[in-house]
Amino acid sequence: MIIKGQALICPFLKIKFNIMKKIILSVALLAVGFSFAQKKEIAAAFKAIEANDNTTATAQISAADAVLAGKTFLLEPAVLEQYYYAKGLSLINTGKVSDGAAVLAKISELGKSKVYSGKNAEKQKVYYVGKSAADASGVQGLKEETYTPTTLGTIGNKINPLLNKTNEEAMAAYNAKNNEVAASKFLEINNMLSAVGSEDKTYKYYAAVTYYQAQKTDIAAQLYSELINEGYTGVKTEYKAKNKKDGKVESLDKSTWELYKKMGTSAEYTDFTTESSASVEQELYESAASLLSDTQKYDEALAIVKKGIEKFPKSTKLTELEGTIYYKSGRMEQFMQNLKDQVAKNPNDKVNWYNLGVLASKDPSKLAEAEGYFKKTLEIDPNYVVGLQGVIYNVYIAGDDKAIEAIEAARKAKKTEVFNKLLEERRAKFAKAIPYAEKWYSIEPKNIEIVSLLKGLYLTTHNDAKFQELKAVETALKAAAK
């Protein structure tokens with residue numbers, strides 16, 4: 001029955017509407033529960049770690065991790081600090097010092113970075129630490145904030161006693177040439193220094209070098225790459241000045257040094273100087289690219305090489321590595337261009353001229369180009385046996401099997417004119433090879449390979465006297481080898 005003045009409501013639509021309301025409310029309740037659960041567990045973990053109850057702290061952090069699933073951006077800065085604090089110290093207390101220190105270091109980063117807050121598409125409150133994280137999120141309208149951690153002093157008190165012990169262990173392992181252990185300890189020191197806000201990537205650099213010495217190529221490559229991305233150069237500046245009282249030169253911190261320098265003659269110091277250590281940045285690029293190439297991570301290696309060449313265009317090592325990577329990964333056109341770039345930088349590089357000759361000779365239409373490259377090699381070093389072999393084998397007697405087949409086919413077909421023409425072309429090519437073969441023979445007169453080759457060249461070019469001479473040499477060498 002329809003009541004006047006009331007709209008008609010379809011029962012199906014009404015039911016559907018109610019279901020949708022329930023679904024929406026359920027999602028909202030889940031979001032509230034998610035936020036409340038993680039805060040409760042983190043607060044419990046924080047209290048437990050403060051009370052030295054590591055078992056409870058670990059259990060509560062594990063529960064929080066299960067809910068968070070890595071989405072730490074859902075934690076407001078104060079809760080995030082408690083999370084890192086409890087998790088980092090619980091790891092340290094279970095002997096995972098390096099991992100724990102790496103987590104604690106994020107508290108220092110939280111204090112140094114801007115925090116960007118707002119709401120995401122799911123209407124969740126989000127907090128991104130650092131602009132890159134905020135930009136990557138895609139969330140619009142984020143508000144920039146700052147946060148001051150409260151646990152750094154406590155962290156320092158807990159970490160500092162461990163630093164000296166770990167440093168002693170690192171040096172003992174290094175002196176005993178136990179490089180893998182030393183490297184892990186250097187990395188541990190790096191993480192602990194970061195945790196107390198005294199970041200010094202020098203120890204991370206030591207870890208990279210020592211992992212390489214331990215033949216742990218993958219880890220070393222990763223650390224070198226991280227150092228590059230983190231902007232480490234190895235440059236350290238010491239600020240020195242002479243104390244007027246005793247005339248001794250002292251090292252000062254930068255701000256004190258600058259203050260005294262501004263004071264002029266009224267300052268307690270004079271003779272202000274600075275000393276900077278050498279940069280290792282180029283070495284980082286070269287080492288990272290080389291190690292990545294060794295582990296067949298060619299695309300990563302090339303990315304680092306190209307970035308390195310932009311910064312250090314005169315680095316022959318990086319240019320050579322680029323060529324090596326192209327060659328190993330089968331990119332022959334790029335490899336050839338790289339070789340041309342290398343000889344442009346160093347025209348006296350006989351090896352790269354030779355390699356250009358080898359590559360060009362693989363294309364029958366580029367034999368003249370290959371010949372020019374090999375000759376360039378021999379201009380640089382006339383006694384370069386590999387260069388002599390290149391021009392002989394890759395240019396003058398290249399494809400001789402096919403030439404013999406064509407000659408034999410013409411003979412069988414009784415095409416006398418073609419037969420004679422092919423024979424003459426073969427003799428002419430071999431005649432060009434003879435001076436280079438004779439040079440090789442003069443360098444290595446007891447090498448049976450060149451003796452036999454030169455004997456054959458004389459036979460083909462109808463130089464019977466030389467043929468007989470080399471035949472006798474060949475016989476004597478074979479007899480001596482028995």
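The values are calculated or read from the model by the stated rules, or taken from the named source; none is laboratory data. It should be emphasised that the depicted structure is a prediction, and the values quoted were computed from it without experimental measurement. Here the Cβ is made from the backbone with ideal geometry for all residues, glycine too, and neighbour counts use every protein chain on show. For accessibility, only protein heavy atoms count, side chains too; no ligands or nucleic acids. Shrake-Rupley method; radii C 1.70, N 1.55, O 1.52, S 1.80 Å.
A few comments on the model shown:
- Within the stretch 295-353, the set of residues being assigned to a loop (DSSP other than H, G, I, E, B) and either touching a Gly at 6+ places or on another chain (Cβ under 9 Å) or on the phi < 0 side of the Ramachandran plot (or both) comprises Thr295, Lys297, Phe312, Pro313, Lys314, Ser315, Ser329, Arg331, Asn346, Pro347, Asn348, Asp349.
- Of all residues in the stretch 395-405 being surrounded by fewer than 16 Cβ atoms within 10 Å (Cβ to Cβ) and either in contact with a Leu (Cβ under 8 Å, 6 or more places away or on another chain) or not acidic (Asp, Glu) (or both), the one that is farthest from Leu359 (Cα to Cα): Ile404
- Under the condition of being under 16 Å from the mean Cα position of the chain (by Cα), closer than 21 Å to Lys96 by Cβ and either at pLDDT below 90 or not in a helix (DSSP H, G or I) (or both), the residues counted in the stretch 192-247 number 1.
- Failed item in (1) open to solvent by less than 70 Å² (accessible area, probe 1.4 Å); (2) more than 22 Å from Gln215 (Cα to Cα); (3) of a type in the set (Val, Ile, Thr), with Val280 passing the rest: (2)
- Some residue of the stretch 406-424 being of a type in the set (A, V, I, L, M, F, W, C) and open to solvent by 80 Å² or more (accessible area, probe 1.4 Å): no
- Boolean, Leu292 is of a type outside the set (S, T, N, Q), part of a helix (DSSP H, G or I), out of contact with any Leu (no Cβ under 8 Å at 6 or more places or on another chain) and buried (at least 17 other Cβ atoms within 10 Å of the Cβ): yes
- Total residues in the stretch 331-386 satisfying the condition of being among the aromatic types (Phe, Trp, Tyr) and in contact (Cβ under 8 Å) with a residue 24 or more places away in the chain: the figure is 4.
- Under the condition of being surrounded by 14 or more Cβ atoms within 10 Å (Cβ to Cβ) and part of a helix (DSSP H, G or I), the residues counted in the stretch 124-155 number 5.
- Any hit, the stretch 85-105, residues being in contact (Cβ under 8 Å) with a residue 40 or more places away in the chain and more than 27 Å from Leu162 (Cβ to Cβ): no
- Here Tyr285 fulfils each of the conditions (1) of a type in the set (Ser, Thr, Tyr); (2) in contact with a Ser or Thr (Cβ under 9 Å, 6 or more places away or on another chain); (3) surrounded by fewer than 23 Cβ atoms within 10 Å (Cβ to Cβ); (4) free of Cβ contacts under 8 Å to residues at least 60 places away in the same chain apart from (3).
- Filter result for Ile304 (of a type outside the set (Asp, Glu) and touching a residue at least 60 places away in the same chain (Cβ under 8 Å)): yes
- Subset of the stretch 214-233 [in contact (Cβ under 8 Å) with a residue 40 or more places away in the chain and closer than 13 Å to Leu292 by Cβ]: Thr217, Asp218, Ala220, Ala221, Tyr224, Ser225, Ile228
- Looking only at the stretch 325-352, residues that are open to solvent by 60 Å² or more (accessible area, probe 1.4 Å) and of a type in the set (Phe, Trp, Tyr) come to 1 in all.
- Scanning the stretch 218-247 for residues that are of a type in the set (D, E, K, R) and open to solvent by 60 Å² or more (accessible area, probe 1.4 Å), we see that the one that is farthest from Thr273 (Cα to Cα) is Asp218.
- When restricted to residues that are within 12 Å of the chain's Cα centre (by Cα) and among the charged types (D, E, K, R), the stretch 269-287 contains 2.
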